Amino acid sequence: MFSKKHSVCVECGVHFEPVSKELSAWGHLCAEHRKKPMEDSGRKKRLQVWVDANWERLEHQMNLEIVENAQKEAQKWHDMKETLGDVRPAMMGFARAK
């Protein structure tokens, strides 16, 4: 039916002409299903170029976020402890009841 010169899309099963070497990373996908991964790859490459030029600024932002997240986590535990109170007396009474 189809010669070996055709590829089959793993997403939809459509038969299509083989792709060029530039598109070989997506050779298992038809033109329609290849669009999104190709766009994502282009975005990642542009982002990597930007990151390479701005890594110091990003490192500073990352450190700020780490500290902020740690403070939020500590506050969450503090609030939980205040809400629950000291559960040790209740747990000791439970242990005696057994």
Of the conditions (1) among the small types (Gly, Ala, Ser); (2) assigned to a loop (DSSP other than H, G, I, E, B); (3) modelled with pLDDT under 90, the single one that residue 25 does not satisfy is (2)
Residue pairs within 9 Å by beta carbon, gap of at least six or interchain, first lying in segment 5-18 and more than 12 Å from residue 31 (Cβ to Cβ), second of a type in the set (Asp, Glu), listed first then second, are 5/17; 6/17
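With the condition kept exactly as written, say whether any residue in segment 23-37 is surrounded by 12 or more Cβ atoms within 10 Å (Cβ to Cβ), among the small types (Gly, Ala, Ser) and out of contact with any strand residue (DSSP E or B) (no Cβ under 8 Å at 6 or more places or on another chain). Spell out the reasoning first.
From segment 23-37, those surrounded by 12 or more Cβ atoms within 10 Å (Cβ to Cβ) are 23, 25-35, 37; that's our starting set.
Now restrict to residues that are among the small types (Gly, Ala, Ser): 25, 27, 31.
Filter once more, keeping what is out of contact with any strand residue (DSSP E or B) (no Cβ under 8 Å at 6 or more places or on another chain): 25.
Looking for residues that are surrounded by 12 or more Cβ atoms within 10 Å (Cβ to Cβ), among the small types (Gly, Ala, Ser) and out of contact with any strand residue (DSSP E or B) (no Cβ under 8 Å at 6 or more places or on another chain), one finds at least one in segment 23-37, hence yes.
The values are calculated or read from the model by the stated rules, or taken from the named source; none is laboratory data. Computed from a prediction, not measured in an experiment: that's the story for all the values here. Backbone-built Cβ (ideal geometry, glycine too); neighbour counts: all protein chains shown.
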